[in-house]
Amino acid sequence: MNIAVIAGGLSPERDVSLSSGSLIANSLMRSGHSVVLIDICKKIDPDSPDAAFSASRTYSYTVPETEPDLEAIRHENNCGRAFVGDGVVEICRRADLVFVALHGACGENGQIQALLDAYGIRYTGSPYSGCLLAMNKHLTKRIVEGTGVKLAESAAVPLVRARETAIMLGFPCVMKPCSCGSSCGVSIINSENELEDAILLAAKYEKTVMIERFIRGREFSCGVLMGKALPAIEIIPKTGFYDYKNKYQKGCTNEICPAALTSAQEKAIEEAALTVHNALGLGTYSRSDFILDEKTGDFCFLEVNTLPGMTPTSLLPQEAAAAGISYDELCSSIAAEALKNS
């Protein structure tokens, strides 16, 4: 079938998305589909050769160490306030299916899903409602807190109240933009002296921040695929915390999958990931992040990803592989499930 893979866009996670999209597109072509990879913020002539579906084209993209300059990209593409370029919807309407490989705001906050729904275009992943809830860390926590899954104490506040809120919660604490991913704008704050830098960093992305009490312990992620939990993966950065560079640059983080957990711990994290997924009304797949609190032994939920990365270093493909699911099988099953449920 003809599949349009949409990626890129005007999110701090743009480069990660283009890497994911390239691998997904290549995989779907290996499985016999005709594919076109689209950077949604770029104007495209639907009748140009580059907009044609192909079964033999090869895509590649390497994620740089630093986040993209979105203003420069806006200027280069003359985007204005639009996040979808001219001609993009027309190509998507010609496809049998749109595989959403976007990350961050334009792909995971429900906007693109609502747009595709308005045109009756079939797409992969979660519905717009689940994406909207999951992208906003405050809304996510308010829903999850009623399920029994453990959470770190937190507050979502405007930046102007960030200092007083952090001091009230105490140090160390974590400050992050309320609706960003890939650790963009995240700081671990150990003292009041570090607050100003953390606020300035978060302000580059958003005017509302989530401030959480820091939980010391091991970090894990656990995916859900078609209603079943995948094996959990442990994340051990070689230096610092699991920030943008450590996530996407090869060799910066040790990732152990299946994670070294007891049977009881495996069951606990898998049940927690499924609970979060179902509480938010998510679709074919998701991936939830947790800290195993070294004091209490509980898995504390951090956040959920409705469109997990599919890059060479991404966690969900590693978890799928540990369950005996190859990368090509993973992409094909996500596409097939979207067709079945549309």
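Computed values, structure above
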{"read-out": "Hits in the stretch 296-316 (condition: closer than 21 Å to residue 237 by Cβ, surrounded by fewer than 22 Cβ atoms within 10 Å (Cβ to Cβ) and modelled with pLDDT of 95 or more)", "value": "300"}
{"read-out": "The stretch 123-142, residues that are buried (at least 19 other Cβ atoms within 10 Å of the Cβ), hydrophobic (A, V, I, L, M, F, W, C) and either over 13 Å from the mean Cα position of the chain (by Cα) or at pLDDT 95 or above (or both)", "value": "133"}
{"read-out": "The lone exception for residue 330 - which of (1) farther than 12 Å from residue 24 by Cα; (2) open to solvent by less than 30 Å² (accessible area, probe 1.4 Å); (3) at pLDDT 95 or above it fails", "value": "(1)"}
{"read-out": "Matching helices (runs of 4 or more DSSP H) fully within the stretch 69-182 where at least 1 residues are touching a residue at least 60 places away in the same chain (Cβ under 8 Å)", "value": "70-77, 88-94, 105-108, 111-118, 128-135, 137-144"}
{"read-out": "Residue tally, condition more than 23 Å from residue 66 (Cα to Cα), open to solvent by 80 Å² or more (accessible area, probe 1.4 Å) and outside any strand (DSSP E or B), over the stretch 185-222", "value": "4"}
{"read-out": "Residue 101, sole failed condition from (1) within 24 Å of residue 131 (Cβ to Cβ); (2) at pLDDT below 90; (3) small (Gly, Ala, Ser)", "value": "(2)"}
{"read-out": "Positions within the stretch 89-122 being within 18 Å of the chain's Cα centre (by Cα) and open to solvent by 50 Å² or more (accessible area, probe 1.4 Å), in sequence order", "value": "111"}
{"read-out": "Answer from 86, 69 - the residue that is surrounded by fewer than 16 Cβ atoms within 10 Å (Cβ to Cβ) and in contact with an Asp or Glu (Cβ under 9 Å, 6 or more places away or on another chain)", "value": "86"}
{"read-out": "Search result, residues across the stretch 30-53 that are of a type outside the set (A, V, I, L, M) and either assigned to a helix (DSSP H, G or I) or free of Cβ contacts under 8 Å to residues at least 24 places away in the same chain (or both)", "value": "30, 32, 47, 48, 49, 50"}
{"read-out": "Matching option when the condition is outside any loop (DSSP other than H, G, I, E, B) and hydroxyl-bearing (Ser, Thr, Tyr), among 27, 60, 56", "value": "27"}
{"read-out": "Candidate set: the stretch 30-55, residues that are among the hydrophobic types (A, V, I, L, M, F, W, C) and open to solvent by 20 Å² or more (accessible area, probe 1.4 Å); chosen: the one nearest to the chain's Cα centre (by Cα)", "value": "37"}
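The values are calculated or read from the model by the stated rules, or taken from the named source; none is laboratory data. Keep in mind that this is a model prediction, so the values were computed, not measured. With ideal geometry, Cβ positions are generated from the backbone for all residues, glycine too; neighbour counts draw on all protein chains shown. Surface accessibility is based on the protein's heavy atoms, side chains included, excluding ligands, DNA and RNA. Shrake-Rupley method; radii C 1.70, N 1.55, O 1.52, S 1.80 Å.
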